[in-house]
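Please read the structure below before turning to the comments.
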Amino acid sequence: MIMTVGSTKGGVGKSTLALHLAVSWARAGRDVLLVDGDRQGSVQKFIAARADSGRTPVVACVQYVDGRVPRDQVRLQAPRYQDVLIDAGGHDSPALRAALFVGDAVLVPFRPRTVDVQAIGDMAALIDEARQARDGLLAMAVLNMADPGRSSDNVDAIGALADFPQPVALEAKVVEREAFPNAAGFGLSVDELLPRDAKACEELEASATEVPAMVEQWISNGRAIS
Ligand SMILES: Nc1ncnc2c1ncn2[C@@H]1O[C@H](COP(=O)(O)OP(=O)(O)O)[C@@H](O)[C@H]1O
Ligand SMILES: [Mg+2]
């Protein structure tokens with residue numbers, strides 16, 4: 001599967017979640033390629049820190065930030081990996097459009113804040129555009145940096161998503177917890193970080209399981225867009 005973690009909004013957790021999903025899937029024995037599609041190179045820095053610490057599994061990572069290059073390179077690399085995960089950078093860029101064009105799926109992180117919900121509207125339009133140019137694109141969204149517990153902001157943000165035909169919100173949500181940046185800074189997932197934050201680990205596990213399950217279901221439904 002080729003999946004883009006993308007949003008037109010910066011700071012929503014694309015790089016943090018891309019790293020966490022990639023490490024989580026690699027730890028589950030999958031062959032993962034992480035593509036850093038952002039000039040800021042956050043994901044590459046995370047993976048360099050992971051390599052410095054000698055941590056296994058090693059996660060393959062490349063950086064492609066320009067126009068057509070990601071699309072062509074990802075197509076070339078994809079058959080060699082089970083999963084290709086693209087961190088598509090933080091604005092409506094050619095790289096984001098190229099990533100939406102080449103991927104099977106897109107995961108849009110959003111925080112329980114009005115600006116992030118508005119950015120979902122921009123993403124919905126980009127997803128529509130990509131779907132007109134190609135067959136099928138599964139669009140999912142994940143609430144990140146959520147408030148702990150069942151806060152009204154979390155509920156309102158998920159509710160606001162229903163205004164758009166896509167993306168579809170995951171059941172799983174990721175709460176704002178220090179463990180996520182602390183782990184990512186070392187290129188680790190929260191399950192590799194000590195002391196262990198059990199709730200962060202549960203949230204990661206839930207999203208790392210739900211995403212491929214949704215992709216599989218979508219593929220078995222003939223990649224139909226509902
Ligand atoms: N679940 C989380 N809990 C706490 N901090 C988070 C979480 N997800 C992301 N962050 C922090 O929020 C900031 C933005 O995240 P980042 O992954 O860099 O976003 P993006 O790639 O979308 O710009 C970073 O400082 C990151 O460490
Ligand atoms: Mg980033």
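How would segment 83-193 be classified by its alpha-carbon gyration tensor: rounded, prolate or oblate, with rounded meaning a/c under 1.5 and the a/b versus b/c comparison settling the rest? Don't jump to the answer; show the numbers that get you there.
Values: a/c = 2.16, a/b = 1.26, b/c = 1.71.
Oblate, since a/c reaches 1.5 and b/c is not below a/b.
What does the charge dipole of the chain about its Cα centre add up to, to the nearest 20 debye, if the Cβ of each Lys and Arg holds +1 and the Cβ of each Asp and Glu holds -1?
480 debye
Roughly how big is segment 144-199's charge dipole about its Cα centre, with Cβ charges of +1 (Lys, Arg) and -1 (Asp, Glu), in debye to the nearest 20?
On the way: 5 positive and 10 negative charges, 27 e Å.
Using only the charged Cβ atoms, the result is roughly 140 debye.
Using +1 at the C-beta of Lys and Arg and -1 at the C-beta of Asp and Glu, which of Leu138, Val108, Pro181 has the Cα lying farthest in the positive direction of the dipole of segment 81-226?
The Cα lying farthest towards the positive end belongs to Leu138.
Per-residue counts of other Cβ atoms within 10 Å, averaged by peptide: what ranking do you get for 49-55, 10-16, highest first?
10-16, 49-55
Mind listing the long-range amide H neighbours of Val168? Cut-off is under 5 Å, sequence gap 5 or more, other chains count too, H placed in the peptide plane at 1.01 Å from N.
Ala139, Met140, Ala141
How high is the relative contact order of segment 2-220, in percent, with contacts defined as C-alpha pairs under 8 Å that are six or more residues apart?
25 percent
Tell me whether segment 135-210 comes out rounded, prolate or oblate; compute the Cα gyration tensor, take square roots of the eigenvalues as a ≥ b ≥ c, and use a/c under 1.5 as the rounded threshold.
oblate
With a 10 Å cut-off between alpha carbons and a GNM built on the chain, which of Ala200, Ala208, Ala28 moves the most?
Fluctuation is largest for Ala28.
For the chain, set up a Gaussian network in which alpha carbons nearer than 10 Å are linked by springs, and say which option among Gln118, Gln132, Gln44 fluctuates the most.
Result for the chain, Cα springs under 10 Å: Gln132 fluctuates most.
Identify the residues of segment 78-104 with backbone N under 19 Å of a label point that sits 7 angstrom from the Cα of Gln132 along the Cα-to-Cβ direction, or state none.
Within reach of a label on Gln132: 92-103.
Roughly how many whole Å is it from the C-alpha centroid of segment 61-84 to that of segment 1-25?
Going from one Cα centre to the other spans 15 Å.
Measuring from a point 7 Å past the Cα of Ala48 along Cα-to-C-beta, which residues in segment 81-101 have an amide N at less than 20 Å?
86-90
Just to be sure I understand: of the beta bridges DSSP finds with both ends in segment 2-220, what percent are antiparallel, rounded to 5? Let's see the in-between values first.
Numbers: 0 of 26 bridges.
Percentage antiparallel, nearest 5: 0.
Once you have the Cα-Cα distance between Ala198 and Arg113, take 0.36 nm times their residue separation minus that, and quote the gain in nm to one decimal.
Answer, rounded to one decimal: 28.1 nm.
If you bin the C-alpha pair distances of segment 2-220 every 5 Å from 0, what whole percents do you get?
1, 8, 17, 21, 22, 17, 10, 4, 1, 0
Using the Cα centre of segment 124-226 as the reference point, and only Cβ charges (+1 on K/R, -1 on D/E), how large is the resulting charge dipole? Debye, rounded to the nearest 20. Don't skip to the answer; put the middle values down first.
On the way: 8 positive and 18 negative charges, 47 e Å.
The calculation lands at about 220 debye.
Would you kindly derive the ³J(HN,Hα) couplings of segment 181-198 from the backbone phi angles with the Karplus curve 6.51 cos²θ - 1.76 cosθ + 1.60 (θ = phi - 60°), listing them in order in whole Hz, with x for Gly and Pro?
x, 4, 5, 4, x, 9, x, 9, 8, 4, 6, 9, 8, 10, x, 6, 9, 4
Just so you know, all these numbers are worked out from the coordinates, no wet-lab data involved. Keep in mind the model is a prediction, meaning the values are calculated, not measured. Quick reminder, even Gly has a Cβ in these numbers, built from the backbone with ideal geometry, and neighbours come from all protein chains shown.
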